[in-house]
There are 2 protein chains.
Amino acid sequence: MTNSLDILTINTIRTLAADVVRKANSGHPDRFVLSNGHACALQYILLHILGYDLTMDDLKQFRQTDSKTPGHPESHLTPGIEVSTGPLGQADGDNDLDGIAAAIEKAKKVTDKPSIIKVKTIIGIGSKHQGSEKVHGSPLAPDDIVEVKKKYGFNPEQFFHVPNEVYEYCKHFRERGAKAEAEWKQLLEKYCIEYPELGSEIKRRFSNKLPDNWTDHLPRYTPSDPPVATRKSSETVLNKIADVLPELFGGSADLTPSNLTRWKTAIEFQPESGGLGTYSGRYVRFGVREHGMAATLNGLASYGGIIPFGASFLNFISYGLGAVRLSALSCFRAIYIMTHDSIGLGEDGPTHQPIETAASLRALPNILFFRPADGNEVSGVYAAAIQNTERPSVIALSRQNVPNLEGSSVEKTLKGGYVLKEADGAQIILVGTGTEVSIAVDAANLLEKDCIKARVVSLPSFELFEEQSLEYRLSVFPDGIPVLSIEALSIFGWSKYAHANLGMRSFGSSGPYKELYKKYGFTPENTAAKAKEVKS
Amino acid sequence: MTNSLDILTINTIRTLAADVVRKANSGHPDRFVLSNGHACALQYILLHILGYDLTMDDLKQFRQTDSKTPGHPESHLTPGIEVSTGPLGQADGDNDLDGIAAAIEKAKKVTDKPSIIKVKTIIGIGSKHQGSEKVHGSPLAPDDIVEVKKKYGFNPEQFFHVPNEVYEYCKHFRERGAKAEAEWKQLLEKYCIEYPELGSEIKRRFSNKLPDNWTDHLPRYTPSDPPVATRKSSETVLNKIADVLPELFGGSADLTPSNLTRWKTAIEFQPESGGLGTYSGRYVRFGVREHGMAATLNGLASYGGIIPFGASFLNFISYGLGAVRLSALSCFRAIYIMTHDSIGLGEDGPTHQPIETAASLRALPNILFFRPADGNEVSGVYAAAIQNTERPSVIALSRQNVPNLEGSSVEKTLKGGYVLKEADGAQIILVGTGTEVSIAVDAANLLEKDCIKARVVSLPSFELFEEQSLEYRLSVFPDGIPVLSIEALSIFGWSKYAHANLGMRSFGSSGPYKELYKKYGFTPENTAAKAKEVKS
């Protein structure tokens, strides 16, 4: 039942919100005032009143540089904020708390489907402009704030005021929360005593600790192993590690047969009733829904104890970029397994062939973009993606086959870039990623026939390579040796390593991939010819 | 009424589809067979039967390099294909043609809202696997095709066969189309005689011809004009050209007061009934729907006679990237007016602050990305965006004020990059875009005090600059002079011009923009200091 203190608390929040927003006088046209649209300030005020480590001074710093109260909640920046909701906030209620409580109780009883509670609210309630977009678009005029405060029984001369009754009253929320937490911890300890193995497993997962020697299960290859598509090597990795890492949880956006992300022993995450799986299953049918899939991975990652992954064609990551960006901003270990990673996908043509995607992800902060060249590099890339618990990874994989290369290894892959094929007194360096690395190797062999010495560098991850020491990076790309890059994606961004580029300058086209590779110049012959022009 | 020839035609299409898809034997796992999911082959077969310039040999080249029948329809590549539908195709019907025709008639009668006709179909109808995903995932086995052909009354030994009755019967569709086209042309000529001025105006718009001297209406500025945000200069341009270019049609994704895209005389595109506008209005409320907005611009552009534009915050172009990509692939003049184009938007923080966006768009083929530095450049950018009828443009605009610069001009802007501030015997070049150009100018002045000569280059468009002659580009960036770039976005991609970069290497943060610019080093003082390290 609502009591007068509930109402007093709500009114305190409303008047406090008016002060907080006026203080943050940035002239920003899209600012939360008393509106229900943009609830950022409101969240901070609630955290303050509920006793989180957020002082009144912090509230006065709303939207100020390096404050605990940024314009939109960022996870890890503000005590009590666990998830960055992204560009959009959430809606607060009106005065009908009993109605809302009743709706929540009713929704709880629905266990076989999600429930939506529609809360009709009045924007800027209390202002003379209530119900108009004016109160979303700009702060209240001083006289309007005076009226709002009077209406809610506050002294207009008082600013940033919280009545002691409200602080006192809200204490019981804190106590309730502390009690619940203590009970949960007790329950966990009891469980750990009763089931020591399961208990330590739960603790392992929630502390993001990986099983000892789990990387021993990653497959390794030699050049005598048959050529396979890197999406196929990825399937092999998943089959090897799925049981070793029971926290691995994910699936594909309706492209499982193309992404090859379903391991042999996978059980679908489905209600028993459907007969397709169980809620203890770990393989998810996301549907053709890249944005929803990425947002789901963020939710799973923020919950903890889970290594979430999602899969689609690399080009379709564009449909989920808003949520992928939040994985990076929120420091979530979300793993994106993206196959069909170039014009090498062939017949589906330019609507499916990524061109700008790699540049977009390489320019995005706090995310690892990988394009492995063969089986060993795929194993290395999975090791890196899973061990980087504080950032997401995008693993770009091929539809077409590639040979297992002489000189590749899991360990070298972890450096992001390395010398795959050495040549004493190299006159040119050929650097490539993914499916183009083996073309570079063939080109180097052609050049050797013409007595031209070419070093081949594989660069599966710009980001990891740039985290290596300057000394190491210079050992891979020594001063004075010209560099030619080869990657079947946009050449944009390659200038930082290469003096000349073999890459895409247009959209691709539809056809068998070997013909397309020839059409766009991704052949050993053309690479060797270009190298001769560039070499010192 | 359905007749036997209708059925024969449908069955011909089905058996022909089986042959077409078997011929395109690419092993591609996501291929249209007889499925209703992936209707690409079907569209070509219809075009062939209906008499477009698409021969049986063209059909046999389905999904082959440089064929007229790529894996997914591309506009301008195949006679009769006017729009690239993108990664997804459309659904064909079943045998109940009368039912479908009736539904269409019924839908036509609904004039106040869109109608959806749900056509339940059986995937792979006719195959022994009909109704299963198998017929979506892989071509029919030879014996299955034999059965399908028998079932539809065709000779299994015959391939790529179209009965003459079908060709004959389908002639009447051609005749019907030709008649309709002739009637329309006649109507247009009649209209042009009756209303010569309106008639020539229609012809002007549909031929993408712009009014003579329309660029004379673009505002020009001198340094004595007051500093304004480039989004404000954009509003001024729209106010000047909206009446000169009646084909300009667009709006904002619920951010009109922030994007400043609504010109003074704008009338909203709304049903009369609502009282908010009329269907003759040219200003659109797209709603918070960036992807839908971009797709709408593509539809408007493909219709012709319209210069469509849409607006939002630059960072939110990520939500519509799939459709923006199709603007570029389809060679549509869609204009994206994207404001709040850097950390300079301030308090809204990193969820709203673009970092990787520019790199993503600069790596995308056939699209112009602009970041104008002042009023003259904004005018120049609009001239370029409107005159480039075969590709889309993204115009990145600032929330914060910038001065009108000495040396900027509409004409120089059209070159994509130019020397804004010359210095005899320059020891360093400072190159910037948008709001950072004026910071570079201030830095150059600081350097001058220390007797260091710095040239300032403004680079509003990488794409247009790279289309200039090598001679011109070398005149802007001569060999041997070190270059420092300054742009409040990801430094990724700048290596092609600059030896050192002042830019973003992380996400931004929430705060007043001047403090953020200081925090991340975008000040004249820091730029000058960095320049001293780089200069020769």
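I need the shape label for the protein assembly as shown. Rule: rounded when a/c is under 1.5, else prolate if a/b > b/c, else oblate, with a, b, c from the alpha carbon gyration tensor. Rounded is the answer for the protein assembly as shown, as its axis ratio a/c remains below 1.5. Sorted shortest first, the separations between the A:L474 label point and its copies elsewhere in the assembly read 3.1 nm; each point sits 7 Å from Cα along the Cα-to-Cβ line.
Here each label is just a point 7 Å from Cα along the line to Cβ, and for A:S132 and B:R22 those points are 7.2 nm apart.
For the pair B:K185 and A:I267, label points projected 7 Å from Cα toward Cβ lie 6.9 nm apart. Listed values for region A:110-127 are Karplus-derived 3J(HN,Hα) couplings in whole Hz (6.51 cos²θ - 1.76 cosθ + 1.60, θ = phi - 60°), namely 7, 10, 9, 7, x, 10, 10, 9, 8, 9, 6, 10, 9, 5, x, 4, x, 6, and x replaces Gly and Pro. For chain A, find the longest principal axis of its Cα atoms and tell me its angle to the long axis of helix A:437-449, 0 to 90°, nearest 10. Roughly 30 degrees, rounded to the nearest 10.
Beyond 24 Å in Cα-Cα separation lie the following of the pairs B:K496/B:K532; B:K209/B:K240; B:K120/B:K179; A:K421/A:K519; A:K118/A:K185; A:K535/B:K453: B:K120/B:K179; A:K421/A:K519; A:K118/A:K185; A:K535/B:K453. For a straight C-alpha distance cut-off of 13 angstrom, the aspartates and glutamates reachable from B:K412 (same-chain residues fewer than eight places away being disregarded) are B:D374, B:E377. Remark: label point of A:K60 defined 7 Å out from Cα along the Cα-Cβ vector; separations to the same position in other copies 8.4 nm, ascending. Plainly put, the tip 7 Å out from Cα toward Cβ on A:T278 is 6.8 nm from that tip on each other copy, the closest given first. Of all aspartates and glutamates in the structure, those lying under 15 Å Cα to Cα from A:K203, and not within fewer than 8 positions of it along the same chain, are A:E189, A:E194, A:D212, A:E247.
For region B:311-418, the set of GluC sites (Glu not before Pro) satisfying both a DSSP loop assignment and a count of at most 12 other C-beta atoms within 10 Å is given as B:E390, B:E406.
Kindly express, to the nearest 10 degrees and within the range 0 to 90, the angle between helix A:97-109's C-alpha long axis and the longest C-alpha principal axis of chain A. Approximately 40 degrees, to the nearest ten. Computed from Cα positions, the angle between helix A:142-151 and the longest principal axis of chain A comes to roughly 60 degrees. Annotation: amide H-H contacts under 5 Å for A:V431 (H modelled 1.01 Å from N, sequence separation of 5 or more, or interchain): A:V457, A:L484, A:S485, A:I486. A straight chain from A:I104 to A:L470 at 0.36 nm per residue would run longer than the Cα-Cα distance by 126.0 nm. Counts of other chain beta carbons within 10 angstrom of each beta carbon in peptide B:491-500 average 4. Counting only residues at least eight positions apart within a chain, or on another chain, the aspartates and glutamates with an alpha carbon under 14 Å from that of A:K23 are A:D57, A:D58, B:E347.
Sparse packing (at most 12 other Cβ atoms within 10 Å of the Cβ) combined with a DSSP loop state is found for the following GluC sites (Glu not before Pro) in region A:103-196: A:E157.
Only the coordinates and a few stated rules stand behind these numbers; no lab work does. None of the values given here were measured: they were computed from a predicted structure. Please note: Cβ atoms are built from the backbone with ideal geometry, for glycine as well, and neighbour counts cover all protein chains shown.
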